[in-house]
1. Condition first: modelled with pLDDT of 90 or more, under 12 Å from D:Ile19 (Cα atoms) and not small (Gly, Ala, Ser). Now tell me which residues in the range D:190-220 satisfy that.
2. If a residue must be farther than 23 Å from B:Gly240 by Cβ, not in a helix (DSSP H, G or I) and not basic (Lys, Arg), how many such residues does the range D:181-228 contain?
3. Test D:Gln5 against the criterion of being touching a helix residue (DSSP H, G or I) at 6+ places or on another chain (Cβ under 9 Å), under 30 Å from A:Gly246 (Cβ atoms) and either modelled with pLDDT under 90 or within 14 Å of chain B (Cβ to nearest Cβ) (or both), and give yes or no.
4. Can you tell me which residue within the range A:47-92, out of those that are touching a strand residue (DSSP E or B) at 6+ places or on another chain (Cβ under 7 Å) and small (Gly, Ala, Ser), is surrounded by the fewest Cβ atoms within 10 Å (Cβ to Cβ)?
5. Just to check your reading of the model, which residue among B:Gly82, B:Gly72, B:Gly40 is surrounded by fewer than 24 Cβ atoms within 10 Å (Cβ to Cβ), in contact (Cβ under 8 Å) with a residue 24 or more places away in the chain and touching a Leu at 6+ places or on another chain (Cβ under 6 Å)?
6. So, in the range A:97-117, of the ones that are at the interface with another protein chain (Cβ under 10 Å from one of its Cβ atoms) and of a type in the set (Val, Ile, Thr), which residue ends up farthest from B:Tyr228 (Cα to Cα)?
7. Looking at C:Leu154 and the list (1) closer than 20 Å to B:Glu193 by Cβ; (2) away from every other protein chain (no Cβ under 12 Å); (3) not aromatic (Phe, Trp, Tyr), which single condition is not satisfied?
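The values are calculated or read from the model by the stated rules, or taken from the named source; none is laboratory data. Remember, it's a predicted structure, so these values are computed and weren't measured experimentally. Note: ideal-geometry Cβ built from the backbone for every residue, glycine included; neighbour counts use all protein chains shown.
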Amino acid sequence: MHVISALLVALVVVGAYLPAVAQEPYRLGAIFSITGPGSSLGIPERDTALMIEADVNARGGIKGPDGRLHPLKLVIYDDASDETKAVLAAKKLIDEDKVTAIVGTTLSGTSLAILDTVQRAEVPLISCAAAAKIVEPAAERRWVFKTPQSDHLIVGVLVDYLKAKGLTKVGWLNVDYAFGQLGWIEFEKATAAAGLSVVANEKFGQKDVDMTAQLTRVKAASPQAVVVWSIPPSASIATKNYADLGLRMPMFQSHGVGNKKYIELASGAAEGVRFPAGKLLVAEQLADNDAQKPVLLAYARDFETRYGPRNTFGGHAWDAVQLAVRALGKAGSDRGGVRAAIEGTRNFVGISGVFDFSPSDHNGLDRRAATMIQIVDGQWKLAR
Amino acid sequence: MGAPERRVVLSAVAVLVAGAPLAVESRYLLAMLVFIALNGLPAVGLSLVMGFAGQVSLGQAAFFAVGAYVSGVLTATHGWNGWLALLLGVAAAAALAVVVGLPIFRLSGLLLAMATLAFGIIVYYVLVNWSAVTGGPSGLAGVPPLTLGRFRFDTDARMFWLAWGSLLGVLALTGNLVDSRIGRALRAVHGNEAAAAAVGIDTARLKLGVFVLAAAITALAGGLYAHYLTFINPSPFGFGYSVELLVMVVLGGAASLWGAVLGAATVVLLVEALRAVLPLLTAAHGAAEYEIALFGLLLMAFMLFRPSGLAGLAPRAS
Amino acid sequence: MTAPPLLEVRQLGRDFGGLAAVGSVDFTVAPGRIKALIGPNGAGKTTILNMVAGALPPSRGHIVFDGRALPGSAHAVASRGVARTFQLVRPFGDMTVLETVLVGCHLRGRAGWLRSALRTPAQRREERGLRDRALEIVGAVGLEDRAGANVTSLPYGEQRLVEVARALATAPRLLLLDEPGAGLDAAEQHRLAALVCRVRASGVAILLVDHHIDFVLDVADDVVVLCHGERLAEGRPETIRRDPAVMAAYLGEDAA
Amino acid sequence: MTAEQIAQYLISGAVVGGIYALIALGFVIAFGITRIVNFAQGEFVMLGALAMATLSARGVRAPVAFACSVVSVAAFGALLYRGALQPLTRAPALAVLILTIGASITIRGVALILWGTDPLAVPAFAAGPPVLVAGAVMVRQGFWVLGVAAASFVALWWFFTRTYSGAAVQACAVNPLAARLMGIRVDRVGVLAWLLAAGLGAAAGAVISPITYATYDMGLMLGLKGFVAAVLGGLVSPPAAIAGGFLLGVVESLAAGLVSSAYKDAVAFVVLVLVCLAQVLGALPWRVVEEG
């Protein structure tokens, strides 16, 4: 065999068998998109997971069903927002690192790609991606859960708000990425049910530099409000074009803009924009009797002291890792037991909302999980 | 290496392939080997186009997508028999290659490369926007595994046999082709097109033939990928994958079938080796940050210092 | 002994941007005879040969081969039984002498992509047949001990012989030789002349284009002399050798 | 379909078209002289934008930051040609094409390591609200884009027609061998050509970055669009490449506005295939020059 190929094979073998650590700790796998298009979501998720691992181990680890403390060993892989790499990472976690459960992935595409692998290997997966298809139909998703609010739930909060404000003629734009397309499917259903009419429906590319053409067509349909379903940077470009074109009607965005990057890139154009999202961004303004407030404030404080401005995607990872830690506490390193423990979780107060899992609902959230937020002077405020 | 040596190597590898899944239980290593085969197939196809027809195709990923989506849609949405869908996917890619190849293959060099690039990107946009059929950007789930009676190709070991079986079959067939009258004619066309025409070889038809054959082989890999992953979406089939295939062929050495497989293995192993080794060297968990730069440097280095690629190290590659 | 002509060329002409490289030329070539086209450089000899070989579309005139017009593409002309060599040797890159001649036998084979890929028994038999035929031709041109050598590593004279062998491999009825003598020393020219005569004896019609007077005149059966794209004279080699007009055109005034 | 809408599509199309024109001009100059289609031309645009973002983040004023970005990336382009591409002048064109693909990936990879994946905001050259032009809205930065484009075209026209080295460069484009015989150092002219090509790319990147932000992977698509514009212009004549750039920008914008925005990006590639087909059928009034 040639020298180069022999060297490469050796490299892999070494790499694969490195982490032969003592069996004692509870092993939790994690797959996030630290690079590639999903990195603005994946990096805060990874940071949150590392934060929880440090806190848990600082307290001596997880008290298992055997009463003894087990350190938490978190094995994190980057899927680079790529389906093939996600599948390889999942199989490596299951077979090489022998993890009890897996947290992640960041994007819907990669989560759907590893469904078959985790279900067949019977390893519980708590996804941080939003697509409803990840946990539906429940009968075929025994081993799969997800923490982000499903699109129909988020869209429901938005449509209720639009209806309450009497904004019945609405224009719509979405990025031609999975996130945008799924938003449109739910929005079309919710507006039909609520009696709102969608007078314009436009698409734009994830890397588009200019959306004036699409926005001009939306302006021509003279809607009372415009909804843009995307993530930065395209969401910010659309927001700037919107202001440049002098469109006066109120602009609404998706929960995809739940981070400071969106506001910074829109350079002032984001003023007054409203969007549905988890309560994390407005934790301080919540009513004191809101069960989530203390949890939100604690997480926001921990995250912002170590990494920077809070972000809803980090929140999804917080819920997922905490759910896994609780389940490990109940069932130890038995994969079936951990699955049952997660599915049995009731009234778990998390960042994305209050979770009530059941065999037929592996998302466990309801409309209370999201609220309308408005950007005022570059800050997030509860929308009136 | 000449024909007899190739047949010996082929049968030796076949024995290895038969035994491997029994020796290796780790699904991760098996999955990596399956992906090597699924990348090896299009790499062999592209190696034929580059090595024999002497043309660069920057749109090979499109044929991979055609294979994957025809198989995926027919089985997941319409419940067809997997093998029939696989066959139809290969036929569809071949037909598309004829329709696209006929005008394009009268171009040469730069413009041909750019025309295949444009074709690849157009197919990508169709996958993203034709959501009624392809499921659009959020993709298509629930592609059933292939079955032979009660035997289901649903584990990594069984997929390993199917993927490597297909690769070895294609290597045997293309190996025979390379050593035959057609193979000689192809090498003649690549060597000196005017002289080839003067001995009665229809050079345009032959070059098109190689393009169509490469498309068919690539679509076969696409179909197997769909059944293996059980979920397909457009993002892995963009322009980036066409370039990755190009890197595999250049690394392996164009016009060398085994070189192409070696190139595919190197690329897949390099990514995983980077993932395993890199976190130890730097704090960054993101191995992929270094992967893009590494591939670029590899491609430049091989083009500058070793144009005949890794296989060039072997005795005169057939 | 005038056998019916195999190749008929009538009012053949070709312009390159206004300049008539070949004005209007008529000639015929009969089986088993060598027709030579001679003339100073730029007389249009190679242009005529390329037009007959289908490599260059004529501006006017007709080329009739075995009673039917020749098609416009090189490979179609070759498959009608017209083979050619090139003025400058054109090897197939890194191929051996045997492989090059084997490619010459391409038209003799029937195995297509499928049968070649499956290596069917019929295909294997055909391959053995082609290989034997190629070895036979390599022997005929006297290169049997060079069969395994890479063509580009051979001395120029032998590369010329490989070109002729490759053309003969297509079993042509008409052989077009484009300045075969160019760049050969006396011994190599003599060896080539003997080969060409043997090919003529086998009944193949030969159109020989060259500007080496002595090489042509002692091999050709009839000669057409071209000058500035027009026919200057035609006849037996002996009469042409003494024709003052030819001498003037060729060797300048004082030679007459 | 009101007049304002058409005007809006034309205006935004012209602004993006100006960017494509600058990039296309870079392609034509590099190809014209060194017969290399530079697949990494788009990466020069990205480097220009990222350099602009980094410098303006450090408080450097826009004009100074712009000049530094253009000069540094231009030097990098010349270095890339001198180091990696010139040794390969006799290699087949496809080997050189693959080498430029390798260069493009390497530059993008290194940019990812240095600048990370997040888009970087760049302040506009001149503050102030957008301006109404014939009923359509134009961002102030749009004027800068057209201004920089026009200035570059005039400067290059003056250089090629009014200076000795400009004539030398043109001579190399027409017939490198003859130029060499006249004592013109053809290889030095090649380096100059790539300096200009990289500079033009960087200028496009720097001036568009306030509109599109700067990210490590913005170069590919912009580079491909620039190439399509250059091919529209026949890959040889600079004025035709500029026209090709504006034409492509407007066609894209109109297609997105009038037909469907979903296929906005695909338009450029359909145009490229059509140009290639026309080339095959000989229907092109001008031949797209093949490699040397």
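1. D:Leu200, D:Val207, D:Ile208, listed by residue number.
2. So the answer is 3.
3. Working: touching a helix residue (DSSP H, G or I) at 6+ places or on another chain (Cβ under 9 Å): yes; under 30 Å from A:Gly246 (Cβ atoms): yes; either modelled with pLDDT under 90 or within 14 Å of chain B (Cβ to nearest Cβ) (or both): yes.
So D:Gln5 fits the description; yes.
4. A:Gly60
5. B:Gly82
6. Residues of the range A:97-117 that are at the interface with another protein chain (Cβ under 10 Å from one of its Cβ atoms), as a first pass: A:97, A:107-117.
Narrowing the set further to residues that are of a type in the set (Val, Ile, Thr) leaves A:110, A:114, A:117.
Working: A:Thr110: 15, A:Ile114: 11, A:Thr117: 10 Å.
Filtering the range A:97-117 for residues that are at the interface with another protein chain (Cβ under 10 Å from one of its Cβ atoms) and of a type in the set (Val, Ile, Thr), the one farthest from B:Tyr228 (Cα to Cα) comes out as A:Thr110.
7. Every condition holds for C:Leu154 apart from (1).
Here's the yes/no breakdown for (1) touching a residue at least 40 places away in the same chain (Cβ under 8 Å); (2) in the same structural domain as A:Leu162 (by TED's automatic domain parsing); (3) within 17 Å of D:Val137 (Cβ to Cβ):
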position: A:Pro223; (1), (2), (3): yes, yes, no
position: A:Pro233; (1), (2), (3): no, yes, no
position: A:Gly256; (1), (2), (3): yes, yes, no
position: A:Lys260; (1), (2), (3): yes, yes, no
position: A:Ile263; (1), (2), (3): yes, yes, no
position: A:Val282; (1), (2), (3): yes, no, no
position: A:Asp302; (1), (2), (3): yes, no, no
position: A:Tyr307; (1), (2), (3): yes, no, no
